[in-house]
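Following: one structure in structure tokens, then a few remarks.
Rule-based calculations on the coordinates, nothing more; no lab input. Worth saying up front: this structure is predicted, and the values here are computed from it rather than measured. Don't worry about glycine lacking a Cβ; one is built from the backbone with ideal geometry, like all the others, and counts go over all protein chains shown.
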Amino acid sequence: MIRRALSGHVARWAAILSLSVGATTRAALAQTVVVRRADIERAGWNRVTEILDGAVGWARASVDGFTYAASPDRLPAVGESGPSTPQWIVVVDGQRVPASLFGAQLLELLPVSVAQIDSVVFTRGPVIQAGTPVARGMMSIYSRRPHPGMSGELTYQHGDESGDPGPYRYTDLSSPNVEKIGPFAHAGVGWGGRSWDADAGVHLASLNVTDTLISTRFPASTFARVRQDVFSVTPTFRAGVEAFGGRHEVLAGYGEQRGLLFIPTERHEQSLRTTSGYVGASGSFVAASTMFAYEGSSSLLDAGELASPLAFTVGHTRRHLGGTMSASRAAGTSTLTVGVIGDRWTLAADALSGSVTSSGGGPFARVVVPVGVATIDGNAALISDGGRGTSLDASIQASFRVDSTTSIAIHGSRVQSHRNMDGAWIDAFMLGYQLPAGAPTFSAVGVSVARRFVPFVAATFELRAEHVTDWAGLSVARAAPFASPPDSLTHHATLFGVHARVETLGQSEWQGSLEYDRTTASGLDGAVFGVEIESTPVDDFRAQLSSAPIRDFRLSGILALTSGTQWAAFATTANAGTTPPLRRVDASMEKWMWQRRLRLELLYRNLLNEPERTHPFGAQWNLRWHVSASLSF
Amino acid sequence: MAGFVHPRPAVPLGIRRAASVLSFVSAFATSNVVAAQDKSPTRSAPFSRLTIRAGALWQTTDDRFGRLYSPSTGYSVEVSMPFDVGEFALAAERATFTGLAPSPHPDFHGTVGMLKWRVALPNVGPLTVALGAHAGAMRFSFQDTVIAPGLRKEMELLFGVNAVGSVRLPANFSAFAMGEYTHVHLHVPVHMMPLSVGVGYGLTTPGWLSDFLR
């Protein structure tokens, strides 16, 4: 374990130590988890949200099983932490897509469906990504390109949860009815030409919210009058063209989600019709021996009322306009990139006669310098966060290639939350909370080693530590939100973790992986933070094994183990405010037909029928099955 | 329902009927032995043959459920074909379950859909026996006009094991008897032991279908 003091204007220290022995010779700047297309198929994920299951070490929490929040770094879960705490970001094909609403990530409204995804990379920790300071982590989605000529895909999945009352409904052995799961569906058509491609699609999903752990929190007459499922539908469009020595892409989508949405800070649901619109462009081109890159987008997220007897207080529209531009030029063996980033947020709410805006941004630079067997990669961004001053975010990584199978990387980073730039202030504003003056700051340094042992098996082992300052807790009653002085509710913490992964490589008959993450907290400034941080699990383990013993036929098994959690802010006389440890075994069977145009999958989740719940107020999931069909041409 | 005991025969009526039919079919088959052992599922190329089976269905249930409902004679259909290992089958069964006195609950139609996988044991003369497991879902369609229409149907997961014995008859026909043990994953689990007896017909899988399945 290496700890390194960092100095800055907050005079905090932080450390991440990473020791990696991995599949690739490129060590990660911060911890990454890669989910590939085959992983998605084996696990039977048919919604983008479900892919979060593969982010080992990310503390995932959901009330309805449809919309999730996640803590990438084990800091307190949404609801235990204060509103407007910084969230992880979502990037689709290099474009930042705002998807956070009150801490929940509306991933079903992203302009990409799970059927279009090639891979997903989860990165946690403070990083600077293409000039953007990212405080806690990001989910980077990479889509598949359409095949040459015309192509299309149809997917459909439906499932059901065991435990229905059946004929015992008429007896004293009766029990509540439980969930149908789905349908989850996608339809898309695309065209791939020599220098351009385009595709359009639509994905939809529906999930019941009739679990008794949800319904019993409402008066029976009230719950009977609210929508019994959460439903989303999202048309998407994407086009790309190769021109001027680079690729240029346009991404667009319009999504709508209807149903109950749990507002963590309020600790109850509201009935919402949430719409999301996004259009963005990105690309690069070369001129005068310089590569120019750009990314810009305009998006909106609207929370409107869906007719119900529930109180509706969060109606608003938040609009985002943002972009980056950069120029990169080689100087000998080094590469220098300079650019500028800017974001602007506009809030229009029922409670406002006009609108409120915020903006932030500034210049950034990146330099990549080979030095002997090492490569130095440095990033810096000078961010002016509206009227809250200017701060410097920076990261540096030194990578060493020891031999053809081993590499070592050392990195350090420090990123401050920029609430005017990332729009995090909107949640607190809408919920009536005054934000503390300080801003959370995340700092880290680390070392990682990557190594491949044999051609088809690799392993990763990583140690890390991270320090956060000025984290806002939620330990006061709703009636006294962040009463003065607001800084009295801020906390400091140091997080230490270990991450290990073993995986097979290549296309052998057997494919599998083992992944384990453990994060512990220390240096907490008082008992309050120590209680809040128990809302995220200490241990997270996931193993998968699949085999294709017969052509066009694959069997897979998945084991997931996660430690239980305690949510002090959600403990009531009727609810212990805990989630049980997760012990889940899944199994799936896939068969390809019609020259692999058609894939059928039968999937069982939670074969042990153990309690599965990620939120103390959330639904509990029993043994369940899914059947899916995917037709591509 | 406490204290109520439904009168049950020592051997369920359905089972006795099935045994009678099976013994008749076996006797008929024995006199029509066809040297067709090479058409047993495990010896055929994957997807090369289709066997369609249809029969009458009788079933018994666990005692707890049997005190509430009595299943009537139903029917079963199945389509199977050889796979690289063993054979796969898609099967459906349907029967009506009648509420029992003294306070009968609403009847329901029980429809079962299953995916089965079996491996054949060595043939014994004209008799082929295969054992395997199955998974699927059971749909409960309640004949209850009082409750909301949306609550009149439920679907529940099931797992089980099964065995089928068949003897070949002339002209690609066969006779079969099939037994299953099924666990229906209701909140209060139900265990069913269906027995179906009927006739099967084998045919070469149409080219378009075998191509599709590959």
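General observations
- Mean separation of Cα contacts under 8 Å (6+ apart) over length of segment A:119-165, as relative contact order %: 30 percent
- Only the Cβ atoms of Lys and Arg (+1) and of Asp and Glu (-1) were treated as charged; on that basis the dipole of the protein assembly as shown about its Cα centre amounts to roughly 1320 debye.
- In chain A, Cα pairs under 8 Å separated by at least six residues give a relative contact order of 16 percent.
- The residues A:Leu310, B:Leu121, when put in order of fewest to most other Cβ atoms within 10 Å, stand as B:Leu121, A:Leu310.
- Whole-angstrom gap from segment B:179-201 to segment B:49-72, using each part's C-alpha centre: 6 Å
- Magnitude of the charge dipole, segment A:210-276, Cβ model with Lys/Arg +1 and Asp/Glu -1, debye to 20: 180 debye
- With Cα atoms defining each centre, segment A:591-633 and segment A:270-287 are spaced 29 Å apart in the structure.
- Cut-off 20 Å, label 7 Å out along Cα→Cβ of A:Phe312, residues of segment A:216-248 by amide N: A:218-219, A:221-233
- Counting, for every residue in A:590-599, the Cβ atoms of other protein chains within 10 Å of its Cβ and taking the mean gives 2.
- The stretch between A:Arg145 and A:Trp594 holds 159.4 nm of extra length on full extension. This uses 0.36 nm per residue minus the Cα-Cα distance.
- With a simple spin-label model that places each label point 7 Å from the Cα along the Cα-to-Cβ direction, the separation between A:Ser221 and B:Thr96 comes to 4.0 nm.
- Aspartates and glutamates whose Cα lies under 14 Å from that of B:Lys116, excluding same-chain neighbours fewer than 8 positions away: B:Glu78, B:Glu87, B:Glu93, B:Glu180
- When the charge dipole of the protein assembly as shown is built from unit charges on Cβ atoms (+1 for Lys and Arg, -1 for Asp and Glu) and taken about the Cα centre, the candidate among A:Ala293, A:Leu75, B:Ala89 whose Cα reaches farthest toward its positive end is B:Ala89.
- Taking every alpha-carbon pair under 8 Å whose residues sit at least 6 apart, segment A:519-633 reaches a relative contact order of 20 percent.
- One Cα centroid belongs to segment A:157-231, the other to segment A:415-432; the line between them spans 32 Å.
- Distance (nanometres) between label positions extended 7 Å along Cα→Cβ at A:Phe231 and A:Phe400: 6.0 nm
- Working from label points 7 Å from Cα in the Cα-to-Cβ sense, the B:Val119 to B:Asp144 distance is 4.3 nm.
- Backbone N under 13 Å from the A:Arg329 label point (7 Å along Cα→Cβ), restricted to segment A:254-295: A:287-292
- The ranking of B:Phe83, A:Phe456 from fewest to most other beta carbons within 10 Å of each one's beta carbon is A:Phe456, B:Phe83.
- Highest mean packing comes first when the peptides B:99-105, A:393-399 are listed by Cβ atoms within 10 Å, giving A:393-399, B:99-105.
- Using Cβ point charges alone (K and R +1, D and E -1), the dipole size of segment A:68-207 about the Cα centre works out to roughly 500 debye.
- Packing-based order for A:185-197, A:128-140, using average beta carbon neighbours within 10 Å, highest first: A:128-140, A:185-197
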